[in-house]
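Note sheet for the following structure.
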Amino acid sequence: DELSRKLDVIITKDVLPQEQLETEILWKSPHAAQGDDGVFAKLTDADIVAEMGEGLYAVGGLFSQVMFGLDRRLHELAVQKFDADSFHYPTLISTETLQRAGYMSAFPQFLMTASRFHSDVDTYDSFTSGIASTDDIGKHIEDHSEHIGYCLPPAVCYHVYQHLSGSSLDKQSIAVTTRGKTFRFEARYRRSLERLWEFTMREVVFFGDRKSVVEQRRSMVSAVCDLVDELGLAGRLEVANDPFFFNEQIAGYMQVQRVMELKYELCLPVEAGRSVAAGSFNVHGDKFGSAFGISDADGRTAHTACVGFGLERFAYAVFCQHGADPGAWPDALKALVSSHGNGSAGEPM
Ligand code: ATP
Ligand code: ZN
Ligand code: MG
């Protein structure tokens, strides 16, 4: 029907005519994917992945060790190579920040908002006294609630723009890295850890003049491709575009995004003929510098770039490619989990 057609348009990257979408491959890993089709069943049988709802999973044991082992390497890379400052932000992001960033009109389909009860005793009274008789608790909550100016974040770079808003850089370029929970209401989830409602993202955000920001992205791309190679993973880097809420104007922009190579994706095979993006490398021009009043060391509007990794998805691709038995993994992959200590599902920053 019309709605699912619309949803398809939103989730399909191939909104543009195929001939305009010729995927440009910028790098290809020398490793071939081994492939392990039954890996999701193995992870759930081993009780290290458990479904908590559609697009919601509990992960533990070896799975979370891989996730946070990958995160540790990415964090290390950001700090050692880019001298990134590391911050831990609140999960909630102010609605004003997302609006300022243009998120509301670009991706309304993903947005998750936070609400709470109207702040008065009558509301609490009416709410509690109605609980027993209502047959729709969701509606009952909604009737007593209001938006409180906060949303659940769709990415973690928005916290960073808010954090630096109104500031001037004291260096040619700076980097900030953070990890946090992110939420996207996607049109469709499959039973796997590829596309989740709630997931964990590591981002590195760069600020500076145009030249340094473009150079930082290039340098980050090459460091991450080296890491993928070192870990023995199959993968490639492609030019991509964002799945904007679709309209005529946006179709033009998506094309611009591809032609100008604003977005690269690290694509990792998960089964024969199918890959997922484990990370993206985005340059924004001075869009966010301008929206958040951030200036570079020369007093000009700062340029920005962000590099984001979906840790569950990245880890899942590792299992899809190398199976669930670490005994058979390449040494560098083994090291990712063994240097993690005693098998605890720790979450190092
Ligand atoms: P996709 O095209 O797969 O939807 P995206 O372009 O929406 O990805 P970005 O906005 O670039 O993704 O986010 C950075 C990274 O976050 C992605 O490369 C991916 O690894 C991860 N990610 C994005 N959406 C999800 C999701 N719903 N579930 C799990 N990971 C996700
Ligand atoms: Zn980002
Ligand atoms: Mg998406």
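The values are calculated or read from the model by the stated rules, or taken from the named source; none is laboratory data. The structure presented is a predicted model; accordingly, all values stated were derived computationally and were not measured. FYI the Cβ positions are ideal-geometry reconstructions off the backbone, even for glycines, and counts take in every protein chain you see. Each accessible area value is taken on the protein alone, full model and side chains, heavy atoms only, with ligands, DNA and RNA left out. Shrake-Rupley method; radii C 1.70, N 1.55, O 1.52, S 1.80 Å.
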FRET efficiency, 1/(1 + (r/R0)^6) with R0 22 Å, evaluated for A114 and Y253 via beta carbons: 0.15
Total formal charge among the other residues, if their Cβ is under 9 angstrom from that of R202, Lys/Arg +1 and Asp/Glu -1: -1
Helix-only CD estimate at 222 nm, as mean residue ellipticity for the chain, using -39500 (n - 2.57) per DSSP H run (n ≥ 4): -11000 deg cm²/dmol
Cross-link reach list, lysines versus K171, counting only Cα pairs under 27 Å and skipping chain neighbours closer than eight places: K81, K211, K263, K287
Protection proxy ranking of 147-155, 38-46 - average other beta-carbon atoms within 10 Å, highest first: 147-155, 38-46
Cα→Cβ-extended label distance, 7 Å offset, between R218 and Y189, nm: 4.0
Under 5 Å, built H, 5+ apart or other chain: amide partners of W27: L237
Pair T123, D298: separation of 7 Å Cα→Cβ label points (nm): 5.0
Accessible area expressed per residue, the chain, with surrounding protein chains retained (probe 1.4 Å, Å²): 48
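Given 0.36 nm per residue, what is the gain on full extension from H88 to E261 after removing their alpha carbon distance, in nm?
Working: separation 173, 0.36 × 173 = 62.28 nm, distance 2.99 nm.
The span from H88 to E261 would gain 59.3 nm if fully extended.
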Net +/- balance of residues flanking E271 in space, Cβ distance below 15 Å, scoring K and R +1, D and E -1: +3
Relative contact order of segment 11-144, defined on C-alpha pairs under 8 angstrom at six or more residues apart (%): 8
Calculated FRET efficiency for the pair A58/D170, C-beta based, R₀ 56 Å, to 0.05: 0.85
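Return the percentage of antiparallel bridges among DSSP beta bridges fully within the chain, rounded to the nearest 5 %.
Working: 52 of 56 bridges.
Roughly 95 percent of the beta bridges in the chain run antiparallel, per DSSP.
Carbon and sulfur together cover what percent of the accessible area of the chain at a 1.4 Å probe radius?
51
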Ranked by how many other beta carbons lie within 10 Å on average, peptides 210-223, 292-305 from highest: 292-305, 210-223
Chain lengthening between F245 and I25 when straightened (0.36 nm per residue, less Cα-Cα): 76.7 nm
The chain - percent relative contact order, Cα under 8 Å, separation 6 or more: 26
Along principal axes, Cα extents of the chain, largest first, whole Å: 64, 56, 45
Highest-MSF residue in the chain out of E146, E203, E96 [GNM, Cα springs under 10 Å]: E146
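Just add up the charged neighbours of I141: K/R +1, D/E -1, any other residue whose Cβ is under 14 Å from the Cβ of I141. Each step should come with its number before you reach the end.
Numbers: positive: R116, K139; negative: D135, D136, E142, D143, E146.
Neighbour charge sum, excluding I141 itself: -3.
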For the chain, size of Cβ-based charge dipole, Lys and Arg +1, Asp and Glu -1, in debye: 840
